[in-house]
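Read through the structure below, which is laid out as structure tokens, and then see the notes.
Laboratory data are not the source of any read-out in this text; all were calculated from the coordinates shown. In this text the structure is predicted, and so the values were computed from the model without any measurement. Backbone-built Cβ (ideal geometry, glycine too); neighbour counts: all protein chains shown.
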Amino acid sequence: TTNGFTVAIDGPAASGKGTISKAVAAHFGFAHLDTGLLYRAVAGKTLQGQSPAEAARALVPGDLEHDDLRRPSVAQEASRVAAIPEVRAALVDFQRSFAARAGGAVLDGRDIGTVICPQAQVKLFVTADAEVRAERRYAELAGKGMDVTPEEVLKDVLARDARDMGRADAPLKPATDAVRIDTSTMAIADAVAEVAALIQGVLDRMPDKGA
Ligand code: CDP
Ligand code: CDP
């Protein structure tokens, strides 16, 4: 059984962790949670004047579904509220319950392998050069018709890298037992295939395989 089987995928902004997570979740029939959306949803509320801790405690699933949460300005605010310990603490239970659900789960974010699910059966740390990440994110947002500039996106990525790695509470860093993947020169399909093979290998070695 894959109940409680957790895949933790962490990494900096636009490294490819969301794309990989979605694809391997679909492949194995696991549920997927983009935990960055939680922080972006809190940011959406603080930009409208709510206090960060209150907004985090009052978060409901419907809050995660706004398209404008993808904006670089919201991402910046997300990384600011994500440095507040009360905000992080309010989001822990939801993430851990999601990870423990029946049928397996993939969670992607910054602290999944280190703080949220240190017991995860598979841990990955996905990286890519900052310029490559910014170019990909710019292409993605511009492709969706969003009014952004390459400079704005690069600035957002660099500022969040520094803030997310530098904060005291749950900083962005690879878990000691995480497998590292650099997607700078990798096609999406190859990154997905590599991660799927890794997960399959762990599933194959599980003692209750086929039970
Ligand atoms: O979730 P995260 O912010 O880490 O990144 P993503 O949203 O999965 O990927 C950012 C953008 O890079 C997306 O538009 C992906 O399609 C693209 N990408 C890519 O071109 N090549 C890869 N190997 C991985 C992602
Ligand atoms: O998709 P992208 O990697 O650009 O960002 P995201 O995953 O949506 O995360 C937005 C911000 O939320 C990050 O810059 C982090 O500051 C914060 N975050 C976090 O602190 N912990 C997580 N598990 C996920 C996101």
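A compact table of results
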| read-out | value |
| --- | --- |
| Filter result (under 17 Å from the mean Cα position of the chain (by Cα) and either over 13 Å from GLY36 (Cβ atoms) or more than 16 Å from ligand 1 (Cβ to nearest atom) (or both)) within the stretch 78-88 | ARG80, VAL81, ALA83, VAL87, ARG88 |
| Sole residue being loosely packed, with under 15 Cβ neighbours inside 10 Å and closer than 15 Å to ARG110 by Cβ, chosen from GLY166, GLY145 | GLY166 |
| Within the stretch 50-103, helices (runs of 4 or more DSSP H) holding 2 or more residues that are touching an Asp or Glu at 6+ places or on another chain (Cβ under 8 Å), more than 25 Å from THR6 (Cβ to Cβ) and of a type outside the set (A, V, I, L, M) | 72-81 |
| Matching option when the condition is among the basic types (Lys, Arg), in contact (Cβ under 8 Å) with a residue 40 or more places away in the chain and surrounded by fewer than 18 Cβ atoms within 10 Å (Cβ to Cβ), among ARG101, ARG96 | ARG101 |
| Options ASP208, ASP129, ASP182; residue that is at negative phi and surrounded by fewer than 13 Cβ atoms within 10 Å (Cβ to Cβ) | ASP208 |
| Residue check, ARG71 surrounded by 17 or more Cβ atoms within 10 Å (Cβ to Cβ), more than 16 Å from ligand 1 (Cβ to nearest atom), within 17 Å of ARG160 (Cα to Cα) and basic (Lys, Arg) | no |
| Enumeration of residues in the stretch 104-121 that are aliphatic (A, V, I, L, M) and crowded, with 21+ Cβ neighbours inside 10 Å | ALA105, VAL106, LEU107, ILE112, ILE116, ALA120 |
| Residues of the stretch 5-51 satisfying the condition of being more than 12 Å from ligand 2 (Cβ to nearest atom), within 19 Å of SER73 (Cα to Cα) and not β-branched (Val, Ile, Thr) | LYS45, LEU47, GLN48, GLY49, GLN50, SER51 |
| Filter result (within 9 Å of ligand 1 (Cβ to nearest atom) and either acidic (Asp, Glu) or buried (at least 21 other Cβ atoms within 10 Å of the Cβ) (or both)) within the stretch 13-35 | ALA13, ALA14, SER15, GLY16, LYS17, ILE20, SER21, ASP34 |
| Complete set of residues in the stretch 26-49 that are of a type in the set (A, V, I, L, M, F, W, C), farther than 23 Å from ASN3 by Cα and assigned to a helix (DSSP H, G or I) | LEU37, LEU38, ALA41, VAL42, ALA43 |
| Conditions (1) over 28 Å from PHE94 (Cα atoms); (2) over 18 Å from the mean Cα position of the chain (by Cα); (3) in contact (Cβ under 8 Å) with a residue 24 or more places away in the chain; number of the one not met by ARG205 | (3) |
| Cβ pairs under 6 Å, 6+ apart, first in the stretch 165-187 and touching a residue at least 60 places away in the same chain (Cβ under 8 Å) and over 18 Å from ALA83 (Cα atoms), second assigned to a loop (DSSP other than H, G, I, E, B) and not β-branched (Val, Ile, Thr) | THR183/GLY16; THR183/ALA128 |
